[in-house]
1. Residue by residue through segment 148-164, note down the ones that are over 16 Å from the mean Cα position of the chain (by Cα) and either surrounded by fewer than 18 Cβ atoms within 10 Å (Cβ to Cβ) or not in a helix (DSSP H, G or I) (or both).
2. Where in segment 1-103 are the helices (runs of 4 or more DSSP H), entirely inside, with at least 1 residues that are modelled with pLDDT under 80 and of a type outside the set (Asp, Glu)?
3. Does Ile174 satisfy the condition of being closer than 24 Å to Phe55 by Cβ and in contact (Cβ under 8 Å) with a residue 12 or more places away in the chain?
4. Taking segment 118-161, which residues are closer than 17 Å to Ala44 by Cβ and β-branched (Val, Ile, Thr)?
5. Pull out all pairs, ordered by first then second residue, where Cβ-Cβ is under 6 Å, the residues are six or more apart or on different chains, the first lies in segment 111-138 and is more than 19 Å from Leu185 (Cβ to Cβ), and the second is among the small types (Gly, Ala, Ser) and in a helix (DSSP H, G or I).
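The values are calculated or read from the model by the stated rules, or taken from the named source; none is laboratory data. Just so it is clear, the model here is predicted, and its values are computed rather than measured. So basically every Cβ, Gly included, is an ideal-geometry build from the backbone, and we count neighbours across all protein chains shown.
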Amino acid sequence: MLVSLACALPPVLLGSAAVLVPQGAGAVRAGKVLRWVALAAAVAVIVLDLLPEAFEAGGPTVAPVFLAGAALPWVAGRVTRQIEIGVELAFLALVAHQLIDGLQIAAARALGASLAVALAVAAHAAPIVIAALLGYAEHDGRTVALRRAVWLGVGTVAGVAIGAQAGNGWMEPIAPWLTAGLAGLLLYVVGHGFRGHHHEHAP
């Protein structure tokens, strides 16, 4: 289980480290570059990894689930007239994504998968987590972003614990639709980061 945790937690640790970068002039410029790189990489992961994986396993039926996932936070914010509702829903999706990654890593390790396989599962989450935490830091401050990082860590650890005990076979029948829905919600998380960058440069 310790090896699984060592493989699963780096995305959260890297995101936390990015949030803690000092705020000198050079560091601010570097942080902006890092944020754009992370945002672009996160979009690439969603569009080129998560979505193709969902479509390959579930076919066209996953498309409405993806669209619903992408729209749900926005709709919730509009209906309640509180944009924070949408942001929190999207954050819960990010926690769920980390939980599932932890579960998959632990289950793979229990079945004898190599370290390379476990690290590959974790690697795709790094851009999404880094982009999300940098976005939260920009909108709400470092303290809030680090609090969210703690929750992401809790989700990751819980997933590893579940995967080590129960494996991930029970999740396979719903995996394509779950992946598609999470991809849509994560796209909202990434969009939140892009909006933060736009507002930062708005007149």
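1. Residue satisfying the conditions is Ala161 alone.
2. Correct list: 25-45, 62-80.
3. On the way: closer than 24 Å to Phe55 by Cβ: yes; in contact (Cβ under 8 Å) with a residue 12 or more places away in the chain: no.
When the stated conditions are applied, Ile174 does not pass them.
4. Selection gives Val121, Ile128, Val129, Ile130.
5. Val117/Ala108; Ala118/Ala108; Ala122/Ala8; Ala137/Ala145; Glu138/Gly196
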